[in-house]
1. Here's a check for you: in the stretch A:22-39, which residue that is assigned to a loop (DSSP other than H, G, I, E, B) and without any contact (Cβ under 8 Å) to a residue 24 or more places away in the chain is nearest to the other protein chains (Cβ to nearest Cβ)?
2. Does the stretch A:223-235 contain at least one residue that is within 14 Å of chain B (Cβ to nearest Cβ), under 16 Å from A:Leu154 (Cα atoms) and touching a residue at least 40 places away in the same chain (Cβ under 8 Å)?
3. Regarding the stretch B:45-56, can at least one residue be identified that is more than 9 Å from chain A (Cβ to nearest Cβ), part of a strand (DSSP E or B) and under 12 Å from the mean Cα position of the chain (by Cα)?
4. Has the stretch A:188-205 got any residue that is touching an Asp or Glu at 6+ places or on another chain (Cβ under 8 Å) and on the phi > 0 side of the Ramachandran plot?
5. Would you confirm whether or not the stretch A:9-23 contains a residue that is farther than 19 Å from A:Leu120 by Cα and under 19 Å from the mean Cα position of the chain (by Cα)?
6. Return yes when A:Lys101 is outside any strand (DSSP E or B), closer than 16 Å to A:Tyr137 by Cβ and open to solvent by 40 Å² or more (accessible area, probe 1.4 Å) and no when it is not.
7. Tell me, which residue of the stretch A:264-279 that is of a type in the set (Val, Ile, Thr) and open to solvent by 60 Å² or more (accessible area, probe 1.4 Å) is nearest to A:Pro178 (Cα to Cα)?
8. Can you tell me which residues in the stretch B:37-48 are open to solvent by less than 50 Å² (accessible area, probe 1.4 Å) and either touching a residue at least 40 places away in the same chain (Cβ under 8 Å) or in contact with a strand residue (DSSP E or B) (Cβ under 8 Å, 6 or more places away or on another chain) (or both)?
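The values are calculated or read from the model by the stated rules, or taken from the named source; none is laboratory data. The model shown is predicted, which means the values in this text are computed figures rather than measured ones. All Cβ positions, even for glycine, are placed from backbone atoms using ideal geometry, and neighbour counts span all protein chains on display. Just so you know, the surface numbers come from the protein's heavy atoms only, side chains and all, with ligands and any DNA or RNA stripped out. Shrake-Rupley method; radii C 1.70, N 1.55, O 1.52, S 1.80 Å.
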Amino acid sequence: MTSKRADVLVDADWAQEHLDDPKVVFAEVDEDVTAYDGGHIAGAVKLDWKTELQDQVVRDFVNKEDFEALLSAKGIGNDDTVVLYGGNNNWFAAYAYWYFKVYGHADVRLLDGGRKKWELDGRELSTDTVSRETTSYTASNPDTSIRAFRDEALDAIDNKNLVDVRSPDEFSGKLLAPAHLPQEQSQRGGHIPSAINVPWSKAANDDGTFKSDDELRTLYADAGLDDGRDTIAYCRIGERSSHTWFVLRELLGHENVKNYDGSWTEYGSLVGVPIAKGA
Amino acid sequence: MCGAPSQGRAGLEAVDLTRETVIQGCVRRDGAPVAAAYVRLLDGTGEFTAEVQSSAEGQFRFFAAPGDWTVRVLSAAGRGEVSLTCDRGLNEAELVLA
């Protein structure tokens, strides 16, 4: 397996050098959707994962036509290189990366370290309003080879690698949500039986950049990931598992890796499915 | 004391403090609050559990569980770390950057 790192990941210096490149579009995606307004990379457009990337009625993605309308309005063309970045160690940027791949965007990359590394480096943020000329974007039909649904998650028990990327306390059932959020949730605590727990954070350095390919290979090998099996990654709502999906498929080149975006919020609410508790 | 008033229970009106374990506090350096610092919550084994950025007044808040926790701060202004044992209700953590 050879690293695809250079094709899918850019560092801050590369980003800085391409700020004025007309074929490169920077897009910020945050959990805290007000972060962009307080300052963003010059020229970057904002993608709101809640209001723009989610259907506002059905719990699902926006459909192909709405995705096309969204990217057209943002001024993103099919042949543009899209560089995604954001806060929370790029969780939601990784989610958007995976989402762009579901709809077949050819050249999409993550900014290594996201907003955090950019800020820690003391690089400039802008509050200027960004407007780009609208495009006529054409999306592909959703690629379900990288998206898992609940029945596949159930069928994966003891058959595929299930990688639960939440924190150990969420995996064990002690916490029901990441600890920056209130814990009052309706679903049960625990994890999908046979899942291994490899917190997304083990794949990242403190400054939010990804660890080296060698470190990442060792991480998943030591955790018991079976290279001969297909893999499904999940977390609570599918954003942290996008980060791990990115590591396994895009950096390490594993084939047949899916993100289960229904994740624990869905699985932990299903009636009658098996749940494992504890470490 | 933080440069800004303690958050106290502000913003927690809808939170059931008999059930939630809230860890909150302020990041400061030389007595002044530090905004937009990266505040990370680590569990009893040192594993990442959550991360937030401090507010304009240097404040942060986590919703955890009873037990041992470490709060670690990473910022262009410096680093800091504090460990604490928490119970249900409000737990205050003060971070001074060096």
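1. Taking the stretch A:22-39 first, the residues assigned to a loop (DSSP other than H, G, I, E, B) are A:22-23, A:30-35, A:39.
Among the residues that remain, those that are also without any contact (Cβ under 8 Å) to a residue 24 or more places away in the chain are: A:22, A:33-34.
Details: A:Pro22: 31, A:Val33: 14, A:Thr34: 11 Å.
It comes out as A:Thr34.
2. yes
3. no
4. The answer is yes, given that some residue of the stretch A:188-205 is touching an Asp or Glu at 6+ places or on another chain (Cβ under 8 Å) and on the phi > 0 side of the Ramachandran plot.
5. Within the stretch A:9-23 (the criterion being farther than 19 Å from A:Leu120 by Cα and under 19 Å from the mean Cα position of the chain (by Cα)), the answer is no, since none of the residues qualifies.
6. Yes.
7. Here is the first cut: in the stretch A:264-279, the residues of a type in the set (Val, Ile, Thr) are A:265, A:271, A:273, A:275.
Still in the running and open to solvent by 60 Å² or more (accessible area, probe 1.4 Å): A:271, A:275.
Values: A:Val271: 23, A:Ile275: 19 Å.
Looking at residues that are of a type in the set (Val, Ile, Thr) and open to solvent by 60 Å² or more (accessible area, probe 1.4 Å), I get A:Ile275.
8. Within the stretch B:37-48, the subset open to solvent by less than 50 Å² (accessible area, probe 1.4 Å) is B:37-43, B:46-48.
Matches in the stretch B:37-48: B:Ala37, B:Tyr38, B:Val39, B:Arg40, B:Leu41, B:Leu42, B:Asp43, B:Gly46, B:Phe48.
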